[in-house]
Amino acid sequence: MRNNLDNTKSVREQWRTQKEEFKKFAREILDLIPIHKGKLLDIGCGLGWVVKEAKNRGFTATGIDLKTEYVKFGKKYLKVDLRTTSLEKFSTKEKFDVIILNHVLEHNKNPNIFLSKIRSLLNKNGYFMVACPNIRSLMFWIFRSRWYGLCPGEHVWQFTPATLSGLLASKGFTIEKIKVNNMRVFISARNLAT
């Protein structure tokens, strides 16, 4: 479901039909972060709604995504700093105060390497917010094999609040807050290690 963008629709149609949903979700994500200034990186930013909301809240915000058409559209209409690249190829000397990973981790073949790269980009005491489908959610129990979060061939990993927080802790993050809803798990963590 990465940023809830359906590849069968045009980017313009997604913009028109899902704009309010994306804005609300961006606010929900950023509400889990207790700071409202500094440098923010949104990995897998899609059209850039989190970047736009973060900028509105006072952050210097940047987003990266693999999909050129999303980045171009978001830059044009949201007027935000978006770049077409993967985390692995993202090159910067900057460190970030906040990194957002929204519906991306479940797509990665090696989340350990991915999380190590994120940690290397995060300032000491910086915040990391991750959201992904929750395999223990009410929606999974209702829909089972038809649940949106399964996505065979696309979602390599399935997480519960316990497995996701355990993975983050194993990579040196300190869990600050866990929030679950009918479909997702959100975890806010900090990079407290030196």
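The values are calculated or read from the model by the stated rules, or taken from the named source; none is laboratory data. Keep in mind that what you see is a predicted model, and the values were worked out from it rather than measured. Note: ideal-geometry Cβ built from the backbone for every residue, glycine included; neighbour counts use all protein chains shown. Remember, those area values only see protein heavy atoms, side chains included, never the ligands or the DNA or RNA. Shrake-Rupley method; radii C 1.70, N 1.55, O 1.52, S 1.80 Å.
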For this session: Scan region 11-27 for residues that are in contact (Cβ under 8 Å) with a residue 24 or more places away in the chain and open to solvent by less than 50 Å² (accessible area, probe 1.4 Å) and jot them down.
Result: 11, 14, 15, 22, 25, 26
For this session: Only residues that are open to solvent by less than 100 Å² (accessible area, probe 1.4 Å) and closer than 21 Å to residue 27 by Cβ: list them for region 76-89, please.
Result: 77, 78, 80, 81, 82
For this session: Check region 90-106 and report whether any residue there is among the polar types (S, T, N, Q) and surrounded by 14 or more Cβ atoms within 10 Å (Cβ to Cβ).
Result: yes
For this session: Only one of these is of a type outside the set (A, V, I, L, M) and touching a helix residue (DSSP H, G or I) at 6+ places or on another chain (Cβ under 8 Å): 102, 110. Name it.
Result: 102
